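Take a look at the structure below.
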Amino acid sequence: MYKKQLMFVMAIILMALSLAGCGGNDQNKVSSPTPSESESKSNSEGNKTEGELVIYGPNRVLPPDNMTELFLEEQLGMKLRFITVTAEYDTKLNLLISSGDIPDIIVDVGLASRNRNISQGLYMDLEELLNKYGDNIKAARSEEIFDQLRWTDGKLYTVNGVNNTGYAMLMIRKNWLDKLGLDVPKTLDEFTDVLKAFKQNNLNGTGEVIPFGGYNGLINFDFVFAAYGADPFHWIIKDNKVVQGAVQPELKEAIKYLRNLYKEDLMDKEYLTNDRTKATEKAGTEIWGAWVDQLWYVNDTFSAYHQNPETKLINMVPPKGPDGLNGYLAVSPPFGNFFTGISATSKYPEMAMKYLNLIADPDINLRIRAGVEGEHYSLEKGHYEVLGDYLKDNNLLIQQGITATMGMPFLPFDPPYIMYPREHDEDHPVKLQYNRFAAFYEPVQKIVDGQIGMGWEDVRDEALNKMIMEDGDIDAEFDKMVKTIYDKYRMEEQEKLANEYYDMMYRK
Amino acid sequence: MKMTQAEKIFHKFNHVFLFLFSFLMLFPVWHVLMYSLSDARQAMGVNVFFWPQGFSLTAYEIVFRNPMIWSAYGNTVFVVVIATAINLLLTFVMAYALAKDGLRGKTFLTFFIFFTMIFSGGLIPSYLVVKSLGLINTLFALILPTAVNAFYIFIVRTFIKAIPVALSESARIDGANEVIILFRIILPLSIPAMAVIGLMYGVGHWNNWILALYYINDLDKMTLQPILRQILFVMSSVEFYQHDPDMALGHAQMSEIVKMASVIVATLPIVMIYPFLQKYFVKGIMIGAVKG
Amino acid sequence: MKTITSTKQSRLTIKVQSLSTWAYLKKEWLVYTMISPVILYYFIFHYIPMFGIVVAFQNYMPLRGFWNSPWVGFGNFQLLFHSADFWRILKNTFLISIYRLFFGFPAPILLALLINEVRNLRYKKIVQTISYLPHFLSWVIVGGLITTMLSLNGPVNSLTSLFGVEPTQWILEPSLFRSMLVGSGIWKEIGWGTLIYLAAISGVDSDLYEAAVIDGAGRLRQVWHVTLPSIRGTIIILFILSVGGILDAGFEQVFLLQTPMTVGVSEIIDTYVYKVGLQRANFSFASAIGIFKSLVGMCMIIFVNYLAKKAGQDSMW
């Protein structure tokens, strides 16, 4: 009898052990090739720092031992390991941190993540390392940018990935303008007239012209808002105070202009449901006459837009509003949206800084982004041209994919590989409205969300879109929206918090 | 068997209804397939519904040219086969125990399992457990944490409960022990349930990309779904790179087609399994025959 | 014969109950041994990680870990309950879920019964295979397709314009949005849902049909008196379990289909948490909401289970 009880207990223990043991063994089995691989590599190459530098960054495709990774390892003299995901970026980073596998170099996407990571003590102060090994980085960034990146304690925990440039591009069909004998419109009224002319003349031959395109909602009408000095998406500075842009009265005029385009059928009525794919289609099939594109799409869409060889697109100067304002809204802070830090626990802080400095070298940055000149790309015709077909050449595709992570921390200002003429470069510099103040949007929102007023953006979006698409009285509806935002979502308290934050961070 | 007039009309109606219904169901899948076979330029701005616009296999070339795709297929098949086998065994055994009459502690065990369906400690502690078992970055991290699913235990339990008790009782009187009853008597009668549950487990493992994203770091251990998502990412998801104008792929219109092709590549193999399992539950098992 | 079995059974039960714990374990040790890996699995992979629930009461910071992150008590819960939109969001979530249960739950049962009535085995198999295909398309793909179908020059508008209806952006209509969610949800998952019922139907004892035929029952009466009662256990268990997900109203689908014009009727707990919490990587907030959803789900299940038990039906425990 006891024997059988003993057997029962033994059986359970055995089961437990087999389950646990199975886990342990399998791990050895599966992961064993990795150390031996790395050993053999370091033996053959020599002159290398032992260990590996772990880099966490957002990325596309990253096959092991691709040419760019090997190039960088050779330049740095150390093995690199990239951990990358295509989704759940913050979650995966949090998992790595929670379990103690903290990467040496971490790229934060968004100011909110960066601020959280700094405040939990993830990063080390970079000042000293930067002075020792960071010549290229310092050359690429102004002191003003570094100042803005400093944390409340005055220390510099991250460097930024990219300086903000105007990314919006208002595209218009120059060949249509030429056909109609019209000039590039300079003001919003002229812009409306051009759109009317586009509508009346069957310019694409199908009779189905939507003169002004839109997608992804209001954000791509930002030049209209800017022309009226309005910014519904950000905290802005007005009379030396931080205020919420969405409740400022100048917004009403911009909405009236958009409503007019909508009612007169000059604008794509599906601007809320059009996504990027639909936008490419509608621009590519010549349904749209003018639309706002983004710098990061334009090379991607170049061949799609130019299926008709007569097509001539230009990146026009945003038209002026009644007060002579023009430009785009800065969608992100002046120092961009990517931040790179070195973890405080890193075993190789010097190598990490050397790596960052390496990729900040303009030549090396171009090399990892675009490959070898003459082999992968050419600049001979005055603009950037890919040699070979990405869709046919695997190496080129990988080349494109890999650059995202590796080059991310340092993007050269005004890269040479934009395919469109920038008509406005000399005579008409494009102003970014409220450029500097957009910086406060995300952190302020984060702080405010932590306490009050979550979800007011939905009210704003619904109200503004209704004002454009429906027939209500804009002034009355706007006042109603402002009242809701103030009463229900406690905007007054939000503004107070925003001002406190601004004083703490930026008013020196 | 004779049918009444009303029944005949019903059957006619039923056939026609199911035909229209099937059309409605097939349509989107067909659309995806046709789109994936289209020529990128010709498909632009056209609603591809019934046949491809032009014909091109470029999208499939792009997907299959990825150096990781075959190892990803291999890893996925490994995970699906091993994990589903473990799933079926554990689910069956547990469901049997919970269906067994008068087993002591049954209510406790039911609640013990049920509770985990509703409450979970969240991702981070699970990750820490998987890590402390040394499973991170191994394929077993995709197998062991999903070794059995409470939902399916309860479903199989109801199936086993429906089997007449007399069958196992008489076997027990003949001196059969639980193992024999379980595998000789209950299992053959549970084949339809096990086929369906196996299919559901298998599809679940096949489609699970999020676990691989969390637990696997090395690309050569990645499963199919995350790899396909990465290919798509190269082609389309530009929003993430708002500040990276370096997107000289020059073929924006290609991305939709590659998206469709990768859907086909990702689902075709697993969809093909179903017709093979169908025979186990389209036609009923003859309980009478077993009883006899 | 029936009586003999039942007396035998009751005698056996009496005998079982009278055994002491050790003696009982000794008798049934094989069963307990067989299920021990399952219990161990649940202990390791589900109960050990349960300590993570503390995150809901903290402002969790990964670097500081579970014990050193600052505690906030019920602050994360209050953040949801005190938010201006809480009642609207809760209402939307419940409404969408209840519509889904009411229309979506019976749909696969009905389809399974219809498919089961098909005599031609090949036709039956083909219908079944086709109907489960949409399950494999992600909501990203399906959502894109729905948007195309409902666009201004899409097929739906061409159809309605035949009846003189002005082209409309249907997807922006708040009054139709929930119906569209539920409809497309049923469309996508109905075939997948039939699988279990078809398996259950195939397990029905064929003797019962024969007996029904002898009693003179036609096909439809057989369905009502034999098929449905035989799969009742499965239906009830599935219903109880799906009631537990009352606050899961389908994140991905809603998120992909909603627009600023329809947010008012479609904002559910999950999309809200995603927008205000996860997008800004607030783990603790998301975790607190998860616990809230679990508690509600638990209560619903216990309640429905109680009802089922009371009605003398199969139940969870």
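The values are calculated or read from the model by the stated rules, or taken from the named source; none is laboratory data. Note that the structure is predicted; figures quoted are calculated from it, not measured. Neighbour counts are summed over all protein chains in view; Cβ atoms, including those assigned to glycine, are modelled from backbone coordinates with ideal geometry. Accessible surface areas use protein heavy atoms only, side chains included; no ligands, DNA or RNA. Shrake-Rupley method; radii C 1.70, N 1.55, O 1.52, S 1.80 Å.
With a cut-off of 15 Å between beta carbons, the residues surrounding C:ASN153 carry a summed charge of -3, where Lys and Arg count +1 and Asp and Glu -1. When the P(r) of chain C is calculated, the portion above 23 Å amounts to 72% of the C-alpha pairs. Overall size of segment C:115-231 from C-alpha positions, given as principal axis extents largest first: 59, 31, 27 Å.
Per-residue mean of foreign Cβ neighbours for C:134-141 is 6 (Cβ atoms of other chains, 10 Å radius). Take the Kirkwood radius over Cα pairs of segment C:219-283, plug it into Stokes-Einstein at 20 °C and 1.002 mPa s, and you get 143 µm²/s for translational diffusion.
For peptide C:255-267, the mean count of partner chain Cβ atoms within 10 Å of a residue's Cβ comes to 3. Pairs of Lys residues in chain C that lie 8 or more places apart, or on two chains, and have C-alpha atoms under 23 angstrom apart add up to 10. Remark: relative contact order (chain C) = 24 percent; criterion is Cα-Cα distance under 8 angstrom and separation of 6 or more residues.
The residue list C:VAL140, C:GLN169, C:ILE39 was ranked by how far each Cα lies along the charge dipole of chain C toward its positive end, using unit charges on Cβ atoms, and C:ILE39 comes out on top. Across peptide A:276-284, the average count of Cβ atoms from other chains found within 10 Å of a residue's Cβ is 5. Here B:LYS161 is the anchor, and the aspartates and glutamates within straight C-alpha reach of less than 15 Å, apart from those fewer than 8 places off in the same chain, are B:ASP101, B:GLU169, C:ASP205, C:ASP314.
Pairs of Cα atoms nearer than 8 Å and 6+ residues apart set the relative contact order; for chain B it is 28 percent. Dipole check for segment B:1-84: with +1 at the C-beta of Lys and Arg, -1 at the C-beta of Asp and Glu, and the Cα centre as origin, the magnitude is about 280 Debye. Each residue of segment A:483-494 was assigned a 3J(HN,Hα) from its phi angle through the Karplus curve 6.51 cos²θ - 1.76 cosθ + 1.60 (θ = phi - 60°); the sequence is 4, 4, 5, 6, 6, 7, 10, 6, 4, 4, 5, 4 Hz, with glycine and proline shown as x.
Ligands, DNA and RNA excluded, the heavy atoms of C:TYR99 present near 80 Å² of accessible surface to a 1.4 Å solvent probe. Across segment C:188-196, rounded Karplus estimates of 3J(HN,Hα) from the backbone phi angles (6.51 cos²θ - 1.76 cosθ + 1.60, θ = phi - 60°) give 6, 10, 4, x, 4, x, 5, 3, 5 Hz, Gly and Pro being marked x.
Note on B:GLU61: accessible area approximately 90 square angstrom, rounded to 10, probe 1.4 Å, nucleic acids and ligands left out. Against chain B, whose longest principal axis comes from its Cα atoms, helix B:69-99 is set at around 20 degrees.
Averaging the sequence gap over all C-alpha pairs within less than 8 Å and six or more residues apart, then dividing by the number of residues, gives segment C:179-293 a relative contact order of 20 percent. The string of couplings for segment A:72-87 from the Karplus curve (6.51, -1.76, 1.60, θ = phi - 60°) is 5, 4, 5, 5, 7, x, 8, 6, 10, 10, 9, 9, 9, 9, 9, 8 Hz, one whole number per residue in order, with x for Gly and Pro. Pairs exceeding a 30 Å alpha-carbon distance, out of A:LYS238/A:LYS320; A:LYS241/A:LYS263; A:LYS238/A:LYS488: A:LYS241/A:LYS263.
Segment B:268-282 and segment B:80-97 have Cα centres spaced 19 Å apart. Charge dipole (Cα centre; +1 on Lys/Arg Cβ, -1 on Asp/Glu Cβ; no other charges) of chain C amounts to roughly 900 debye.
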